[in-house]
Amino acid sequence: MTTIRQIAREAGVSVGTVSNVLNDNANVALATRERVQTVIQQHNYRPSNVARSLSTRRTGTLGLIVSNISNPFSSELARGAIETAQKTGHGLLVMGAAPDGLDLPTHVDTLVQQWVDGILITSDPLPDSRLSQLPCGDTPLVMMDYPQPPHRNVIGLINFDWEAAGYAATYHLRQLGHQRIGYIGGIAGHPSSRLRAQGYHKALTETGVALDPMLECAGDFLTAGGYQAARTLLALTNPPTALLTANDLMALGALQAITEGGWRVPDDISLVGMDDIPYASFLSTPLTTIHLSSYRVGQIGIQMLLEADRTHASLQQITLPTHLVERRSTALMKRRQDAG
């Protein structure tokens, strides 16, 4: 097997010069570079990635941790990350975390053991006290949906304007005349869950509707959770005339509960989700929802990691916009009254 020392000897240069040519270092004279490249081509030499990694402490591989890869939100995010890594010649190891995030430290440790150059974490969060103890070594982290970095290795934060999302969805329903608006929230303690709920509360308060805890149910960002929460709200003596869910998967579950209860969307109950997953526009009654781009999270997260300096990276923070997409799952409150 040809070695780098052989290449250097035949080209009449040092091992360091061959290394500089292989790494496309500009500090090599053109004639010398061409001579070294000729010898490399003659031997069809390919440098050892393991040896290069030992030398540079970089492997050209990044890590991504997502929750529920079957959720189109997560799969679109992963697509954005994979395509961005590929375009820059990097590999990407993708890992799926459990819904409660308790296995996050295990996944981080696995990726660190693989010597990834950085990790994009978009899974549902652990408490900050446990996040601060993630076994990262010196591996840079980029995280989604955290207002402040929960770990010293965090060099990037990507957030959506979740409060604006909750506000816009609720305000839309208020403009249609709905006052009893049921809300199915996200995972308790999740920073983005709290912001979504704040937007819901703000829109109700600003439009003169008193907050009613009976109209709020905790969710889990899963279809089954949306179904169970919607059943609870629809069983109230005075059920809501509209439902808002913290993501589209729960809206799909809520839609099933509404249909099973003999209600119609939007004639009897208006329904709004958040995420605008691809399925949302293809339902028999297309879903009104809050649009956001998880694909961009994947793109931006990988770009942040690629730009990171392991020892001198400054924190980057990006808040991505959201906007309401009105489809046919919402209607004027009077339509339900007419139907009754």
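The values are calculated or read from the model by the stated rules, or taken from the named source; none is laboratory data. Just so you know, these numbers come straight off a predicted model, no measurement behind them. FYI the Cβ positions are ideal-geometry reconstructions off the backbone, even for glycines, and counts take in every protein chain you see.
Restricted to region 166-194, and to residues that are within 16 Å of the chain's Cα centre (by Cα) and not in a loop (DSSP other than H, G, I, E, B), which residue is modelled with the lowest pLDDT? Walk me through how you get there before you give the answer.
First pass over region 166-194, keeping only residues within 16 Å of the chain's Cα centre (by Cα): 186-187, 190-193.
So of that shortlist, the ones also not in a loop (DSSP other than H, G, I, E, B) come out as 191-193.
Numbers: 191: 85, 192: 90, 193: 91.
That would be 191.
Considering (1) in the same structural domain as residue 172 (by TED's automatic domain parsing); (2) under 19 Å from residue 72 (Cα atoms); (3) touching a helix residue (DSSP H, G or I) at 6+ places or on another chain (Cβ under 9 Å), say which one residue 299 fails and leave the rest.
Only one criterion is unmet by residue 299, namely (1).
For residues that are over 15 Å from residue 178 (Cβ atoms) and either of a type in the set (A, V, I, L, M) or not assigned by TED's automatic domain parsing to the domain that holds residue 175 (or both), tally how many sit in region 203-233.
6
Table: residues versus (1) of a type in the set (A, V, I, L, M, F, W, C); (2) in contact with a Cys (Cβ under 9 Å, 6 or more places away or on another chain); (3) at pLDDT 95 or above.
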position	(1), (2), (3)
89	no, no, no
92	yes, no, yes
131	yes, no, no
135	no, no, no
139	no, no, no
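Could you grab me the full set of residues in region 94-120 that are within 18 Å of residue 75 (Cβ to Cβ) and either out of contact with any Leu (no Cβ under 7 Å at 6 or more places or on another chain) or surrounded by fewer than 21 Cβ atoms within 10 Å (Cβ to Cβ) (or both)? Before you say what the answer is, go through the steps one by one.
Within region 94-120, the first condition is being within 18 Å of residue 75 (Cβ to Cβ), and the residues that meet it are 94-99, 107, 120.
Those that are within 18 Å of residue 75 (Cβ to Cβ) and either out of contact with any Leu (no Cβ under 7 Å at 6 or more places or on another chain) or surrounded by fewer than 21 Cβ atoms within 10 Å (Cβ to Cβ) (or both): 94, 95, 96, 98, 99, 107.
How many residues are touching a helix residue (DSSP H, G or I) at 6+ places or on another chain (Cβ under 9 Å) and part of a loop (DSSP other than H, G, I, E, B) when one looks only at region 80-100?
Total meeting the criteria: 3.
Filter region 65-79 down to residues that are part of a loop (DSSP other than H, G, I, E, B) and touching a residue at least 24 places away in the same chain (Cβ under 8 Å) and give me whichever is nearest to residue 247 (Cα to Cα). Don't jump to the end; show me each part of the working.
Here is the first cut: in region 65-79, the residues part of a loop (DSSP other than H, G, I, E, B) are 68-71.
From what's left, touching a residue at least 24 places away in the same chain (Cβ under 8 Å): 68-69, 71.
Details: 68: 13, 69: 15, 71: 10 Å.
Ranking the qualifying residues of region 65-79, first place goes to 71.
Looking at region 205-219, can you tell me whether even one residue there is at pLDDT below 95 and within 25 Å of the chain's Cα centre (by Cα)? Walk me through how you get there before you give the answer.
Going through region 205-219, the residues at pLDDT below 95 turn out to be 218-219.
From what is left, the residues that are within 25 Å of the chain's Cα centre (by Cα) are 218-219.
Within region 205-219, one or more residues are at pLDDT below 95 and within 25 Å of the chain's Cα centre (by Cα).
Among the numbered conditions (1) out of contact with any strand residue (DSSP E or B) (no Cβ under 6 Å at 6 or more places or on another chain); (2) among the hydrophobic types (A, V, I, L, M, F, W, C); (3) not assigned by TED's automatic domain parsing to the domain that holds residue 277, tell me where residue 157 comes up short.
(1)
Would you please name the residue that is farthest from residue 208 (Cα to Cα), looking only at residues in region 121-149 that are assigned to a loop (DSSP other than H, G, I, E, B) and either touching a Lys or Arg at 6+ places or on another chain (Cβ under 8 Å) or among the hydrophobic types (A, V, I, L, M, F, W, C) (or both)? Give the derivation first.
Step one: list which residues in region 121-149 are assigned to a loop (DSSP other than H, G, I, E, B), which gives 122-127, 132-140, 145-149.
Filter once more, keeping what is either touching a Lys or Arg at 6+ places or on another chain (Cβ under 8 Å) or among the hydrophobic types (A, V, I, L, M, F, W, C) (or both): 126, 132, 134, 136, 138, 140.
Values: 126: 36, 132: 41, 134: 45, 136: 48, 138: 51, 140: 46 Å.
The selected residue is 138.
Looking at the structure I just gave you, is residue 236 assigned by TED's automatic domain parsing to the domain that holds residue 173, modelled with pLDDT of 95 or more and under 29 Å from the mean Cα position of the chain (by Cα)? If you could, list the steps in order and put the result at the bottom.
On the way: assigned by TED's automatic domain parsing to the domain that holds residue 173: yes; modelled with pLDDT of 95 or more: yes; under 29 Å from the mean Cα position of the chain (by Cα): no.
Taking the combined requirement at face value, the residue does not satisfy it.
Out of all the residues in region 281-291, which are more than 17 Å from residue 227 (Cβ to Cβ) and crowded, with 16+ Cβ neighbours inside 10 Å?
288, 289, 290
State all residues of region 24-42 that are of a type in the set (Gly, Ala, Ser) and part of a helix (DSSP H, G or I); if no residue qualifies, say none.
Within region 24-42, the first condition is being of a type in the set (Gly, Ala, Ser), and the residues that meet it are 26, 29, 31.
Listed by number, the list holds a single entry, 31.
Of the residues 285, 232, which is in contact with a strand residue (DSSP E or B) (Cβ under 9 Å, 6 or more places away or on another chain) and either part of a helix (DSSP H, G or I) or closer than 21 Å to residue 164 by Cα (or both)?
It is 232.
Considering only region 150-165, state which residues are surrounded by 19 or more Cβ atoms within 10 Å (Cβ to Cβ) and assigned to a loop (DSSP other than H, G, I, E, B).
150, 153
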